[in-house]
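Chemist: This is the structure I have questions about; it appears just below.
The values are calculated or read from the model by the stated rules, or taken from the named source; none is laboratory data. Nothing here was measured: the structure is a model prediction, and the numbers come from that model. As a convention, Cβ positions derive from the backbone with ideal geometry for all residues, glycine included, and neighbour counts pool all protein chains shown.
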Amino acid sequence: MTDTPISPAMLAGAAAPVPKEETPFTRFRKAFFEDKVAVAGLILFSIIVALALLAPLITPQNPYDLRSVDLMDSRLKPGSVAGEGFTTWLGTDGVGRDLYSGILYGLRISLMVGFLSGLIAASIGMAVGLIAAYAGGRVETILMRIVDLQLSLPAVLIALILVAALGKGVDKIIFALVVVQWAYYARTVRGNALVERRKEYVEAAQSLGLSNARVVFRHIMPNCLAPVIVIVTVQTAHAIALEATLSFLGVGLPQTEPSLGVLIANGFQYMLSGSYWISFFPGLALLLTIVSINLMGDRIRDVLNPRLEK
Amino acid sequence: MQGPVIAVENLKTHFLTRAGTVKSVDGISFHVNKGEVLGLVGESGSGKSVTGFSIMGLIDPPGKIVDGSIRLNGKELVGLSEDEMRKVRGREVAMIFQDPMMTLNPVLRIDTQMIEAITAHENVSEKAARGRARDALARVGIPSPDERLSAYPHQFSGGMRQRVAIATALLNSPSLIVCDEPTTALDVTIQSQILAEMQQLCAETGTALIWITHDLTVIAGLAQRVAVMYAGRIVETGPVDALLDAPIHPYTRGLLGSLPSAGVPGQPLMQIPGATPSLARLPQGCAFAPRCTLASDVCRTLAPESLAHGQDRAARCHHPLDAPKVAA
Amino acid sequence: MLAFIIRRIGQAMLVIGVMVVIVFFGVNVIGDPVWMLISPEMDQSAVEATKIALGLDKPIWEQFVYFVGNALQGDMGRSFVHGEPAIKLILSRMPATMELALVALFMAILIGMPLGVYAGLKPETRLAKAIMAVSILGFSLPTFWVGLMLIMFFSIMLGWLPATGRGDTVRVLGIETSLLSLNGWTYIALPALNLALLKISLVIRLARAGVREAALMDYVKFARAKGLSQRRIVGVHILKNIMIPIVTVLGLEFGSLVAFSVVTETIFAWPGMGKLLLEAIQRLDRPVIVAYVMVVVVLFVVINLVVDVLYSVLDPRVRLTEAKA
């Protein structure tokens, strides 16, 4: 018997409807939203970002405008009424600034510094990782040695020494944060790119005569984005925490651009005397920001990680 | 005459997943006598491995044995508590897995892993247990067993590792060993060696074997009886020679026909058209009907019962080949 | 094995060498190197005199050699603030930091392992989910904030534990330690816990991931098929497998513990290297900063080396292939 008979059943199967193809993003979105906790994180984070963006519109006071700050208002308990007539829902700090306003403005700075440094570090790190993986040979070895060196030293110390040397200021903090973060991206992307490089579509692109740059950035890079996205969330949370730590230690942002860390530091001295809210509320805001980012990042990682897919 | 070492009656093992209930094993019955080798043959997804795990009581949630009975030496295994089952495992029934690299723990020594198999069931001194392990290794043909005991798994070749697994299985002299494709991952030459050795060992010790495989050629030289599984059911059983010479079920014939050795040189190899059905969405009626050349309307609506076809042969088919139906 | 160790030591020396170059030239790039060696209060003529006296008017290569020569003899300048040799100052504070870091490490293991293993074995239970949720918290909370909260809670509100300082010390084998007195433990409890919290989350996650991966492995199925008890399977088979990555990660993390102690020591006024560093930064005590960097770099390189060797000792697969090589 050499003829394979076509049974009626097979024909019937061919006429059945084909399920609609889902885009990877749709699949990702569905998987992400399955976890209630991650969704809670997303909601929380959205609220925080919204508050930060709308800060000038929803706060009774601009804490940087020295004319609107009255020393007589200092260390008011949460809920008391300030001299200007508005209620300080979260109390005031040592120089009379409304804490609620201070927190929202501080959030803007903390978020901006965190995100900006994360994006820049990701870009630099990705570029380095891609180049290292694609170029191979000595270029790769040198680049990776630098990455390894950087990664073997703790972030806190590197950042500390850098800002100690460079001084205070937003640009310097962002620089320090970028220096601390890029290596992690570089290593991850390089690992990914090494795997991708061996795949057929790279050969295909090369055989079409595409320039190296185009192959790397148009073809390989998009396939390396998944782990980068995972890292970006976690690293951003770290960057925000690191900036807060540095500011708290007094070597981060200056008093003129108070991030949440600066606010917490300002309140440290008042803790023992009972005005706990000056540190507590900014701390809480910081906490919620970081936790919400981590919750989302965790879920994103679980969804995008092929190994754990059941 | 002693009863069979193991008698499985209408076993049903289902997996309750979000996508639906997967009926991996849906009502199978067979038995194995002392010293006998039963070949359990089927494609991947036919439920043969799940059968093996069901016997061992290693079905984890969301899987569950929902019906049927498994009697080992007369003792009912279905429904035993985990503690009671643990005492049976490794002692009265042992199992050998497919990939020897992964079945041995890479960070523990061989002697540790063999001795613990003994001490889990008996109260013997470590020295005595080590001696037994050493003897078992020698028996399966591993040279310098004393040195080998102190070694780690990755220092062995694939064939050697599988021999260690076999030796471990034999340590407590079980009545039955379930072998889940133990030679599939090995070199062809090693395969035949191990097959021959196992056959001899079991003949010597009187241990019954259930040999699970997808490869009919393996069964041909090893087993006395064969059970063919398809989509969670046993579609044919019988003595090996009779079954291979004159299959009753169209699927069995398809399997035999698709063997490379059955092909004519120069002609394309015969294949059974279509694919195995999803075990979560089994068709009504005979599961093989969509691929069967003899399928008729009754096949598509009514699932065939297992009917006897002469001494010690049975098949589930509305249109069995050759042998006329005999009233059971 | 010996060849392996020697090779790693060679690599370590190379790294230290590179770091020395970076630190030296880094300091030079940032500012006039003379500032590294003198107090900021000196006037211009004194500065010039110091420059010449210290050979800073010579070409940079000569200066580098000079610096390295001094460094190898242990001389990295004197602290402006304390007047003592910087290196001596740092080393005198090192035992306190080491003590803190070690206690924190053990706390992390003691608390984190059982929780992580449990979460890995029974991931669907409410307790396991709660553990994972809390571990995210431990991971996200900035160390300094936790420290503040710990003080607020345990010292101010409950009054159980002292907020700052170190307990009474006893000299053992030439090193001061506060771990031998109950009083010492009350002082180290909060700062060590603060430091440990970060790592506890890490240990929990590592243990859980390791257990989950191990539980899927065939050797666990085989062990069950042999009829082994659950206790043995987890306690011997699984544990031995997950210990390898956990130990190596923790070993490397020890360095980060030392780094983070900067924060913890500042909050709890623990007299260690970290607090010294921060004070040095705030008071521009540059010799101390440089000395601290050098000490920490050497420490890190040593830790990395030890962990590498430890890894090959623990994992028989690596150990034996190295032996063959």
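Chemist: Specify the residue that is nearest to C:D315 (Cα to Cα); the eligible residues are those in segment C:258-279 that are at the interface with another protein chain (Cβ under 9 Å from one of its Cβ atoms) and not small (G, A, S).
Modeler: Pass one, segment C:258-279, residues at the interface with another protein chain (Cβ under 9 Å from one of its Cβ atoms): C:258-260, C:262-263, C:266-267, C:277-278.
Okay, now just the ones that are also not small (G, A, S), so C:258, C:260, C:262-263, C:266-267, C:277-278.
Details: C:V258: 27, C:F260: 30, C:V262: 34, C:V263: 35, C:T266: 39, C:I267: 40, C:L277: 38, C:L278: 40 Å.
For segment C:258-279, the residue satisfying everything is C:V258.
Chemist: I would also like to ask the following. Taking B:A287, is it under 25 Å from B:L38 (Cα atoms) and among the hydrophobic types (A, V, I, L, M, F, W, C)? Working first, answer last.
Modeler: Working: under 25 Å from B:L38 (Cα atoms): yes; among the hydrophobic types (A, V, I, L, M, F, W, C): yes.
Judged against the criteria, B:A287 is a match.
Chemist: Quick one: B:I70 ticks every box in (1) in contact with a Leu (Cβ under 8 Å, 6 or more places away or on another chain); (2) more than 17 Å from B:P174 (Cβ to Cβ); (3) of a type in the set (V, I, T) bar one, so which box is it?
Modeler: Failed condition: (2).
Chemist: Inspect all residues belonging to segment A:262-283 and state whether any of them is among the hydroxyl-bearing types (S, T, Y) and without any contact (Cβ under 8 Å) to a residue 12 or more places away in the chain. Let's see the steps before the verdict.
Modeler: At the first step, the residues of segment A:262-283 found to be among the hydroxyl-bearing types (S, T, Y) are A:270, A:273, A:275-276, A:279.
In the following step, the residues that additionally are without any contact (Cβ under 8 Å) to a residue 12 or more places away in the chain were identified as A:273, A:276.
Checking segment A:262-283: at least one residue is among the hydroxyl-bearing types (S, T, Y) and without any contact (Cβ under 8 Å) to a residue 12 or more places away in the chain.
Chemist: In segment A:114-154, what residues are within 14 Å of chain C (Cβ to nearest Cβ) and either of a type in the set (S, T, Y) or buried (at least 24 other Cβ atoms within 10 Å of the Cβ) (or both)?
Modeler: Passing the criteria: A:G114, A:T141, A:S152.
Chemist: How many of the residues making up segment B:287-316 are in contact (Cβ under 8 Å) with a residue 60 or more places away in the chain and outside any loop (DSSP other than H, G, I, E, B)?
Modeler: Residues flagged as in contact (Cβ under 8 Å) with a residue 60 or more places away in the chain and outside any loop (DSSP other than H, G, I, E, B) within segment B:287-316 amount to 2.
Here is a yes/no grid of residues against (1) within 28 Å of the chain's Cα centre (by Cα); (2) buried (at least 22 other Cβ atoms within 10 Å of the Cβ):
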residue	(1), (2)
C:A207	yes, yes
C:D218	no, no
C:I242	yes, yes
C:G251	yes, no
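Chemist: Could I ask something else about it? Among the helices (runs of 4 or more DSSP H) confined wholly to segment B:108-182, which include 1 or more residues that are touching a residue at least 12 places away in the same chain (Cβ under 8 Å) and closer than 28 Å to B:H31 by Cα?
Modeler: Working: elements: B:110-119, B:126-139, B:145-149, B:158-170.
Correct list: B:110-119, B:126-139, B:158-170.
Chemist: Please work out if C:T266 is farther than 30 Å from B:A169 by Cα, at pLDDT below 85 and part of a helix (DSSP H, G or I).
Modeler: Values: farther than 30 Å from B:A169 by Cα: yes; at pLDDT below 85: no; part of a helix (DSSP H, G or I): yes.
Answer is no for this residue.
Chemist: So, in segment C:179-197, of the ones that are surrounded by fewer than 21 Cβ atoms within 10 Å (Cβ to Cβ) and in contact (Cβ under 8 Å) with a residue 24 or more places away in the chain, which residue ends up nearest to A:L242 (Cα to Cα)?
Modeler: Looking only at segment C:179-197, we keep the residues that are surrounded by fewer than 21 Cβ atoms within 10 Å (Cβ to Cβ), and these are C:179-186, C:189.
Going one step further and asking which of them are in contact (Cβ under 8 Å) with a residue 24 or more places away in the chain, we end up with C:179, C:186, C:189.
Numbers: C:L179: 31, C:T186: 29, C:A189: 24 Å.
This residue is C:A189.
Chemist: To continue, here is another question. Would you check if A:A164 is within 14 Å of chain C (Cβ to nearest Cβ) and either in contact (Cβ under 8 Å) with a residue 60 or more places away in the chain or among the hydrophobic types (A, V, I, L, M, F, W, C) (or both)? Walk me through how you get there before you give the answer.
Modeler: Numbers: within 14 Å of chain C (Cβ to nearest Cβ): yes; either in contact (Cβ under 8 Å) with a residue 60 or more places away in the chain or among the hydrophobic types (A, V, I, L, M, F, W, C) (or both): yes.
So A:A164 passes the test.
Chemist: Another question, then. Just checking, which of C:M107, C:M157, C:M152 is of a type outside the set (G, A, S), within 14 Å of chain A (Cβ to nearest Cβ) and surrounded by 15 or more Cβ atoms within 10 Å (Cβ to Cβ)? Can you show your working first?
Modeler: Working: C:M107 fails: within 14 Å of chain A (Cβ to nearest Cβ); C:M157 fails: surrounded by 15 or more Cβ atoms within 10 Å (Cβ to Cβ).
Among C:M107, C:M157, C:M152, only C:M152 is of a type outside the set (G, A, S), within 14 Å of chain A (Cβ to nearest Cβ) and surrounded by 15 or more Cβ atoms within 10 Å (Cβ to Cβ).
Chemist: Could you please find all residues in segment C:1-16 being among the hydrophobic types (A, V, I, L, M, F, W, C), in a helix (DSSP H, G or I) and exposed (fewer than 13 other Cβ atoms within 10 Å of the Cβ)? Steps first, please.
Modeler: Within segment C:1-16, the subset among the hydrophobic types (A, V, I, L, M, F, W, C) is C:1-6, C:9, C:12-16.
Still in the running and in a helix (DSSP H, G or I): C:2-6, C:9, C:12-16.
If the condition is that a residue be among the hydrophobic types (A, V, I, L, M, F, W, C), in a helix (DSSP H, G or I) and exposed (fewer than 13 other Cβ atoms within 10 Å of the Cβ), then C:L2, C:A3, C:I6, C:M13, C:L14 are the ones that fit.
Chemist: Just to be sure before I move on: is B:N10 free of Cβ contacts under 8 Å to residues at least 60 places away in the same chain, out of contact with any Lys or Arg (no Cβ under 6 Å at 6 or more places or on another chain) and under 30 Å from C:L314 (Cα atoms) in the structure I sent? Spell out the reasoning first.
Modeler: On the way: free of Cβ contacts under 8 Å to residues at least 60 places away in the same chain: yes; out of contact with any Lys or Arg (no Cβ under 6 Å at 6 or more places or on another chain): yes; under 30 Å from C:L314 (Cα atoms): no.
No: the conditions fail for B:N10.
Chemist: Residues of segment B:78-129 being on the phi < 0 side of the Ramachandran plot, away from chain C (no Cβ under 13 Å) and within 22 Å of the chain's Cα centre (by Cα), which ones?
Modeler: Listed by number, the list holds a single entry, B:V78.
Chemist: Then there is this: What helices (runs of 4 or more DSSP H) lie completely within segment A:221-310 and have 3 or more residues being β-branched (V, I, T) and more than 9 Å from chain C (Cβ to nearest Cβ)? Even if it seems obvious, please write down each step before you answer.
Modeler: Values: elements: A:225-248, A:260-271, A:277-304.
Output list reads A:225-248, A:277-304.
Chemist: With outside any helix (DSSP H, G or I), under 19 Å from the mean Cα position of the chain (by Cα) and not charged (D, E, K, R) as the only criterion, which of B:S44, B:S54 stands out?
Modeler: Result: B:S44 is the single residue among B:S44, B:S54 that is outside any helix (DSSP H, G or I), under 19 Å from the mean Cα position of the chain (by Cα) and not charged (D, E, K, R).
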